[in-house]
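The values are calculated or read from the model by the stated rules, or taken from the named source; none is laboratory data. None of these values were measured; they are calculated from a predicted model. Using ideal geometry, Cβ is built from the backbone for each residue, glycine included, and neighbour counts are taken over all protein chains shown. Areas reflect the complete protein model, heavy atoms only, side chains present, ligands, DNA and RNA absent. Shrake-Rupley method; radii C 1.70, N 1.55, O 1.52, S 1.80 Å.
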Amino acid sequence: MIQVNDFLYGKMELPMVFSDLLNTDALKRLGGVHQSGAIFLVNPDICHSRLEHAVGVTMLIRMLGGSELEQIAGLLHDISHTAFSHVGDYVYDNLDEDYHEKVFAEVLCKSEVPDVLLKYGYNVNQILYGTFDILEQPLPALCADRLDYTLRDGIHGGVISRQRAREFLTSIVLKDGKIAVNAETEVAWINEAFEKLNNEVFKLPLHLYANGKMAELIKKFLNKGILVESDLFKTDTMLLNKIRTSYEGYEAIKSIKQLKGFAEFMRHGAVPNIKKRTLNALLV
């Protein structure tokens, strides 16, 4: 067993399959991918990683009694996110923000993960074609993925407190194999927290600017041949370093940090069209 620690779920022991998975290059890369894209360039407080979220989802599924296979699926569900997370969607004008889902099978199968799964008696097809009701549900339902990022991103974004988030976690249960909430007050709270996260973090003009300008820059450099598509499947730092090797790229990143052209971009730039999201948590 290995021990993991998270600021939401505390300490938890996980079987060795998770140790081996976390040691793959594919999972290590997620530790260098910011959950909130390029927002950290203008708001350094929002700097948590996709890996933190993936581990959190795994722990949440385990806490609720989900199978080991579903816990594994939780750890792997974001393995195909590009550098800067959803910035990849804006680069490719993907309004559904699901580019990572479209390339998931390819990224997963080309990684070391299938061999690790075989070592522990699993097959990659179980991940690709399995049904995981705790992990994923269509909007506006609650699920482990949506719940973890609501709480985690909300705390880092300053819209909810860690203490209140941990209190909420005591109210969740499984109903017919899906996440539900056992008190009306808690249902109202999580629905409101989700709305605040979308309006006050995801759609904050400053944050739209950072992600939009980064997408604009990456798209420009792809068209010029300075970047290639495979660069988007490196870490944020590696992609930033490649962009900064040119004087134009160095100055462009500095301009984003200094908010140069912020007002002009918000008026006329390619501001990300954030997918409309609502949450309707189920009451037991």
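Taking the Cα centre of the chain as the origin, how large is its charge dipole in debye, to the nearest 20, when only Lys and Arg (+1) and Asp and Glu (-1) carry charge on their Cβ atoms? Before the final figure, lay out the partial values.
On the way: 31 positive and 37 negative charges, 174 e Å.
In total the dipole reaches around 840 debye.
Might you tell me the accessible area per residue for the stretch 27-71, computed with a 1.4 Å probe and given in Å²?
Working: 1310 Å² over 45 residues.
It amounts to 29 Å² per residue over the stretch 27-71.
Which one, Val173, Thr131, Ser36, projects farthest toward the positive side of the charge dipole computed for the stretch 36-184 from Cβ point charges (K/R +1, D/E -1)?
Value computed over the given set: Val173.
In a Debye calculation with equal point scatterers on the alpha-carbon sites of the chain and no solvent, what is log10 I(q)/I(0) at q = 0.15 Å⁻¹?
These q points yield log10 I(q)/I(0) values of -1.18.
Can you tell me the dipole magnitude for the stretch 203-266 around its Cα centre, using point charges on the Cβ only (Lys, Arg +1; Asp, Glu -1), in Debye to the nearest 20? If you can, show how the numbers build up before the last one.
Working: 11 positive and 7 negative charges, 19 e Å.
The calculated dipole for the stretch 203-266 is roughly 100 debye.
Extent of the stretch 203-266 along each principal axis, from alpha carbon coordinates, in Å, largest to smallest?
Principal extents (Cα only, largest first): 30, 24, 21 Å.
Remind me, relative contact order of the chain in percent, using alpha carbon pairs under 8 angstrom and six or more residues apart? Before the final figure, lay out the partial values.
Values: 392 pairs, mean separation 64.7, N = 284.
After rounding, I find 23 percent.
Relative to the longest principal Cα axis of the chain, at what angle does helix 184-197 sit, 0 to 90 degrees, rounded to 10?
On a 0 to 90 degree scale, this one is about 20.
Quick query: amide H of Asp6 versus all other amide H atoms, modeled in the peptide plane; which residues come in under 5 Å with a sequence gap of 5 or more or a different chain?
Excluding prolines and chain starts, which carry no amide H, the hits are Lys11.
Using alpha carbons only, how many degrees (0 to 90, rounded to 10) separate the axis of helix 144-156 from the longest principal axis of the chain?
Relative to the chain, helix 144-156 is tipped by roughly 60 degrees.
Which whole-Hz couplings ³J(HN,Hα) result when phi for each residue of the stretch 96-104 is put into the Karplus expression 6.51 cos²θ - 1.76 cosθ + 1.60, θ = phi - 60°, listed in order with x for Gly and Pro?
7, 6, 10, 4, 5, 6, 5, 9, 4
Could you pull the accessible area for Arg244 with a 1.4 Å probe, rounded to 10 Å²?
The value for Arg244 is about 80 Å².
Non-local amide H neighbours of Leu227 (under 5 Å, H modeled in plane, Pro and chain starts lacking H): which ones?
Distant-sequence amide H within range of Leu227: Leu222.
Which ³J(HN,Hα) values, rounded to whole Hz and listed in residue order, are derived for the stretch 214-229 from phi using the Karplus coefficients 6.51, -1.76 and 1.60 in 6.51 cos²θ - 1.76 cosθ + 1.60 with θ = phi - 60°, glycine and proline given as x?
Values, residue by residue: 5, 4, 4, 5, 4, 4, 4, 6, 5, 5, 7, x, 6, 10, 10, 4 Hz.
Please determine, in degrees from 0 to 90 and to the nearest 10, the orientation of helix 50-63 with respect to the longest principal axis defined by the Cα atoms of the chain, where the helix direction is its Cα long axis.
Once rounded, the angle reads 10 degrees.
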